[in-house]
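Below: one structure, written as structure tokens.
A short reminder: the numbers here are calculations on the coordinates, not readings from a lab. Predicted model only: the values in this text are computed from it and were never measured. Because the Cβ atoms are built from the backbone with ideal geometry, glycine has one as well, and the counts that use them run over all protein chains shown.
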Amino acid sequence: MSDGVYDMPEEPARRMRRPGGRPRALLPTIATLIVLLILFSVFTDVWTQRLWYRSVDLGSVFSTVLGTRVLLFVVVGLLMAVAVVANIIVAFRTRPRVALAPSPSPGFERYGDLLQQHGKIAVGVVATLMLIFGGSAASGEWKTFLAWKNRTPFGVTDQHFNKDISFFVFDYPWLRVLLGFGYSIVLLSLVAAIITHYLYGGFRPSAKGQKASGAAQVQFSVLLGLLVLLKAFSYWLDRYGLTTSDGRLFTGISYTGDHAILPSKEILAVIAVLCAGLFFANVVRRTWLLPGVGTVVLILSAILLGALWPAALQQLRVRPSEPVKEGSYITKNITATRQAYGLENTQITEYQAQSTAKPNELTADADVLPGIRLIDPTVIGPTFEQLQQVRGFYSFPTDLDVDRYKLKDKTQDTVIAAREVQIDRLPAGQRNWNNDHTVYTHGYGVVAANGNQRAADGTPVWTEKDLPPQGQLGDYEPRIYFGEQSPDYSIVGAPPGSAPVELDTPEGTKGGDPTLNTYNGKGGVKVGSFFNRLLYATKFRDANILLSSRVNSASKILYDRTPRERVEKAAPWLTPDGDPYPAVVDGQVVWIVDGYTTSDNYPYSEKVGLDTSTRDTTTGRGTIAQQPSEKINYIRNSVKAVVNAYDGSVELYAWDENDPVLKTWMKAFPGTVKPRSDISPALMAHLRYPEDMFKVQRDLLAKYHVQDAGTWYQNSDLWRVPADPTAVATGSDSSSQISQPPFYLSLRMPDQTDPKFSLTSVYVPNGERENLTAFMAVDSEATSPDYGKFRILRLPANLQVPGPGQVYNKFQTDEGIRAALLPINQQNSGARAQFGNLLTLPLGGGLLYVQPVYSSRTSGPGNYPVLRYVLVSFGDNVAFGTTLQEALEKVFNTNVDTGENPPGTKTPPAQTNQTVKQALAEAEAAYNRAQDALKKGDLAGYQSNVNQMKAALDRATAGAAATPTPTPKPSGAPSTTPSTAPSTTPSTTPSSPPASPSG
């Protein structure tokens, strides 16, 4: 050591420098290990994918996808490698004996000598890189290739080229892919030839005389000619691409496109072919003059014909009379859009909504009343959690689902959720690998409640509850091994006779110790062998899979467990709906997932963003997934997928059997999609119209309900989906423009004889006004002959029917409603009112709005919402009650029977509005006296007056809704009232989790 620097001994240093020593061998060893690790990682991914597909009996999907990707990788990769290497070899073998000019750098020639000495290695490296580059890009286009290879005719021709739609949906995308590969191969070959000729002196751009050798000129001419020829083909294809191009007004060919852009593409294609001929002729003439002139002509023509001519035509001829010029093209767009989105049979009816209902009309609609859903699935989740969670490690989704069940010979709307295990909720002391992956492996049972009933205390009326489950849904396998909140992976199963370790229920059926279970379903991948354990330890980067004694010869690993994941893997050509829902079918809990086939190449059909069209205030919240950000202009609900919650099996049923895209994929993956006739009646009863497709369709119908080109152009009848007033009021979305979600409920449209389970939405005019312009419903009962039929009730322009935002404002400002909610919302009450979904439905010749109001504590453990009031609006009147029946009787001033009141529910006696006003006046006077006493420091007087105010508010609350209230007026009651009253919301304390059965 000298001056703080360590001097390496001479001998070791000499050994490190000696040729052939360890450092020289170390680098290749490290490189080899890295390559082996990469290869093993790739092998692990491929082989575990194979094992997963075999576990769900879909090995053919894996083999088809893998085979197609390998085929494309090899063919395109080899083609690119051969083309590039062949051009390098040609350039090398035709190099001049003497360079055309000296090398620009003294050391430049050494690169050529080095490559000449190690030519085979250099060529091998280039070939390998081209193979990987070209093959990787090609393998990613397997969907486009399979769709083209198995294409099915639509039986419908486009409106311009008279070609079957299948050409645009299947052929055109594949031709574009081939064109892209052609460009890549020729360009890379040209670059390789230029570099090789440059290295060996055959190409010197800086030379004063000849800049390229004769051989270089020939090679460059051929490659450039091929490049220009491909450009000619591109111009020709662009003609068909115009049918799906986004224009200023619409998607498709416009007047300018038809009379300027389309002819220019044809002319440019011819010019490009002639220009390519000049390059090929240069092989013989050996002069760049003519190819250069041809290239300049092509560029100038592209500018003049491709840009200036269309712009001039648009400005000088189209803009002055655009409605006339574009009329026929708008009509094509309207027709194609309605075809591509399944909107051709939309029924629009003029609806003269009445502001008052006659008794006979209410009597005729009496059977609709039980279908008005009071339980809001987006609000009631915490109530399910607190009352039915049982233990802290169980959970329910934020937004529940709406289905229908036949209970006691009557089909009714039901709010349902699966009780799933969520290991993140385990106490820190119970978190370990054994518990996370071998003990807490599954959820247990479903919980369901009547959609239109509430108990006396405001909680749901359960149709299925508790643990073990009991209720009206019958006997079924309750274990939920595959769900929306399942752990990323679990190890299950054990040899016969082994002690079970999987937690089944925290207690036995009669209390006591937890019950344990061993999984014996057919789902999962066997990991008993050392090889499979090693693979999955690598896949999940978890050595415990390899080392733990809990993994035995009979063990299986469950992963990719969410319903959407399993459907996406089972049918990678489908786009699954964002909200799978559970159902009890034939003694099993299953997840139902709607699958869509989509395209963005349907000619003339309007393109929309799938993510933006399906977005509302529920999207992305909890387990509701957001759709990918891609453009589409064709969609079909082609498949109904079913995922078994116990064994994870995936069943795909053809739903829209006439969909050519579905037929194409069924040919590509034969045997994976079952015919519609295989759907059992029990499953058919739970299928419904899918939400995401409905959102896309309602987004289009806001404009494409208009079929007259002139009206469409003027945008004089443009609608929009209103913003969700509840979300805006609570500030849950800063933009305040997120659409109101659609709602499932049972209703009867004017032309229907019986109420039908439907998916509904409303429209308001596009602009500042918020009055209602249309109500829309689609029949969602899969067993109905009218399933999927859109019915729109259009309101006359001279009829001012309030929209959701205006009705919500009425509810917020009504004196009686404010008085009823004041004890809940007052300061220091520890509670708040929470408004539920604002439902709209036709009733009594008009339109009825119904909104449940819940109360819940604002803080503390165990808080959950309970239904307190039901607000209704019909015409100019609003009313409320503790039940829907009470509210409807007040707003209609007649007796109704909603069938909502379970045994034990009582309706408070009605009082008069005069009583309400008097009570509010007394409350305000007591409030003022309390404030005066507080300023004087008279605490006893303050408390006395607060008590008097509280009593007056209670009287107002009890009698506020005795009769229908007119259009709201400013309330005289104080907006905030100090109170010592406790919260009106019941609370529970979550139970402590059971002792962990970990080993």
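Taking 0.36 nm per residue of separation and subtracting the current Cα-Cα distance, fully stretching the chain between residue 34 and residue 233 would add 67.3 nm.
Taking N as the number of residues in segment 744-811, what is its alpha-carbon radius of gyration divided by 2.2 N^0.38 Å?
Numbers: Rg = 13.7 Å, N = 68, 2.2 N^0.38 = 10.9 Å.
Dividing the Cα Rg of segment 744-811 by 2.2 N^0.38 Å gives 1.25.
Projecting label points 7 angstrom from Cα along Cα→Cβ for residue 344 and residue 940 puts them 8.6 nm apart. Each principal axis of the Cα cloud of the chain was taken in turn, and the coordinate range along them, longest first, works out to 113, 83, 71 Å.
Helix 59-93 and the longest principal axis of the C-alpha atoms of the chain enclose an angle of approximately 30°.
Between residue 928 and residue 364, the FRET efficiency estimated from the beta carbon spacing at R0 = 60 angstrom works out to 0.75.
Please compute the length gained on full extension between residue 246 and residue 549, using 0.36 nm multiplied by the number of residues separating them and subtracting their Cα-Cα distance. All intermediate terms of the calculation are to be shown ahead of the outcome.
Numbers: separation 303, 0.36 × 303 = 109.08 nm, distance 6.05 nm.
Result: 103.0 nm gained on full extension.
Each peptide in 662-673, 66-77, 298-309, 576-587 was scored by the mean count of other Cβ atoms within 10 Å over its residues; highest first, the order is 576-587, 662-673, 66-77, 298-309.
The 3J(HN,Hα) values that the Karplus relation (6.51, -1.76, 1.60; θ = phi - 60°) gives for segment 214-226 are, in residue order, x, 5, 5, 4, 4, 5, 5, 4, 5, 5, 5, x, 5 Hz. Gly and Pro appear as x. For residue 515, nonlocal amide neighbours, meaning residues 5 or more places apart or on other chains whose placed amide H falls under 5 Å from its own, are 504, 505, 507, 508. Relative to the longest principal axis of the Cα atoms of the chain, the long axis of helix 22-55 lies at roughly 50 degrees.
Only lysines eight or more places from residue 695 in sequence, or on another chain, were considered; those with a Cα closer than 24 Å are 332, 607, 631, 640, 703, 756, 789. Before anything else, pin down the relative contact order of segment 213-335: Cα pairs under 8 Å, at least 6 apart, normalised by residue count, whole percent. 33 percent.
All other residues whose Cβ lies under 13 angstrom from that of residue 865 are scored, Lys and Arg at +1 and Asp and Glu at -1, for a net of +1. Between 679, 833, 803, the Cα set farthest toward the positive side of the dipole of the chain (charges on each charged residue's Cβ, about the Cα centre) is that of 679.
Percent of Cα pairs in segment 213-335 per distance bin of 10 Å, from zero to the largest separation: 14, 35, 24, 16, 9, 3.
Between residue 25 and residue 565, the C-beta separation translates, for a Förster distance of 56 Å, into a calculated FRET efficiency of about 0.75. For the chain, a crude dipole built from +1 on the beta carbon of Lys and Arg and -1 on the beta carbon of Asp and Glu, taken about the Cα centre, is about 4100 debye to the nearest 20. Principal axis extents of the C-alpha atoms in segment 372-561 (largest first, rounded to whole Å): 57, 30, 29.
Modelled spin labels at residue 308 and residue 472, positioned 7 Å past Cα toward Cβ, are 7.8 nm from each other.
Phi-derived couplings, Karplus 6.51 cos²θ - 1.76 cosθ + 1.60 at θ = phi - 60°, listed residue by residue for segment 331-344: 4, 4, 5, 5, 4, 5, 5, 5, 5, 5, 9, x, 10, 4 Hz, with x used for Gly and Pro. The alpha carbon convex hull volume per residue for segment 61-209 rounds to 144 Å³. Which angle between 0 and 90 degrees, to the nearest 10, do you get for helix 804-813 versus the longest principal axis of the chain when only C-alpha atoms count? The angle comes out at about 40 degrees.
Helical content alone sets the calculated 222 nm signal of the chain at -12500 deg cm²/dmol, taking -39,500 (n - 2.57) per DSSP H segment of four or more residues and averaging over every residue.
When each of the peptides 686-693, 157-164 is scored by the mean number of other C-beta atoms lying within 10 Å of its residues, the order from highest to lowest reads 686-693, 157-164. When its C-alpha radius of gyration is set against 2.2 N^0.38 Å (N residues), segment 195-249 gives a value of 1.86. Compared with the direct C-alpha span, the chain from residue 498 to residue 897 gains 137.9 nm at full extension, assuming 0.36 nm per residue. Between amide H atoms placed 1.01 Å from N, distances below 5 Å from residue 634 occur with 599, all of them 5 or more places distant or on a separate chain.
Restricting to Cα pairs below 8 Å that are 6+ residues apart, what does the relative contact order work out to for the chain? Please round to a whole percent. Walk me through the numbers on the way to the answer.
Details: 1874 pairs, mean separation 110.0, N = 999.
Rounded, it is 11 percent for the chain.
Amide H contacts of residue 800 (H built 1.01 Å from N, in plane; Pro and chain starts excluded): no residue 5 or more places away or on another chain comes under 5 Å. Peptide packing: for 630-636, 28-34, the average count of neighbouring Cβ atoms within 10 Å per residue gives the ranking 630-636, 28-34, highest mean first. For residue 809 and residue 753, a Förster radius of 51 Å and the Cβ-Cβ distance give a FRET efficiency of 0.90, rounded to the nearest 0.05.
If you filter segment 468-549 for trypsin sites (Lys or Arg not before Pro), then keep DSSP loop positions with at most 10 other Cβ within 10 Å, what is left? Let's see the in-between values first.
Details: sites: 479, 510, 522, 526, 533, 539, 541; in loops: 510, 522, 541.
Those satisfying the criteria are 510, 541.
Modelled label positions at residue 513 and residue 43, each set 7 Å beyond Cα in the direction of Cβ, lie 4.5 nm from each other.
Hey, what D do you get for segment 523-569 in µm²/s if you plug the Kirkwood alpha-carbon radius into Stokes-Einstein at 25 °C and 0.890 mPa s? Please list the in-between numbers first.
Values: Rh = 11.3 Å.
The calculation lands on 218 µm²/s.
Percent of alpha carbon pairs in segment 559-678 separated by more than 26 Å? Taking all Cα-Cα pairs of segment 559-678, the fraction more than 26 Å apart is 22 percent.
Expressed in Å, the radius of gyration and Dmax of the Cα atoms of segment 480-627 are 20.0, 67.
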